[in-house]
1. Where both partners of a DSSP beta bridge lie in segment 20-97, what percent of those bridges are antiparallel, to the nearest 5?
2. From the gyration tensor of the Cα coordinates in segment 31-71, what semi-axes in whole Å does the equivalent ellipsoid have, largest first, with each one equal to sqrt(5λ)?
3. Under the definition of Cα pairs under 8 Å and six or more residues apart, what whole-number percent is the relative contact order of segment 20-97?
4. Please work out which option in [x] 56; [y] 47; [z] 39 gives percent of Cα pairs over 18 Å apart calculated from these coordinates, and answer with its label.
Amino acid sequence: MGRNRSQYDCLKKTTKFPKSFMIWGCMSGKGPGEMAILISTVNAQVYIEILDTFLIPSIEKKLGDVIFQDDNASCHREKSVKAFLQERHITSMTSQSD
């Protein structure tokens with residue numbers, strides 16, 4: 001007995017590793033800042049580039065004095081990220097608790 005098309009109608013084609021993306025954004029009581037759509041993996045260097053490209057201009061143009069809070073991802077805890085924030089005089093909630 002041969003298989004016909006109707007036997008496979010209940011199957012759904014899937015992708016083993018689907019493409020994904022992440023949205024990064026910032027906001028304060030003064031409103032939203034910049035937003036970025038990322039398609040790459042985020043490590044400390046990429047995160048610093050995001051902060052430099054999107055957070056810093058948002059603070060300068062719109063948000064003013066801020067206390068920065070991230071979501072505590074491991075790349076956010078890297079020494080290079082902490083050094084970047086210190087160099088830019090950005091107070092973070094984690095630096096207050098260190």
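1. Counting only bridges with both partners in segment 20-97, antiparallel ones make up about 75 percent.
2. Whole-Å semi-axes of the equivalent ellipsoid: 19, 11, 9.
3. It comes to 27 percent, rounded to a whole number.
4. Of the listed options [x] 56; [y] 47; [z] 39, [x] comes from this structure.
The numbers here are math on the coordinates, done by the rules we state, and not lab data. Just so we're clear, the structure is a prediction, and the values are computed from it rather than from any experiment.
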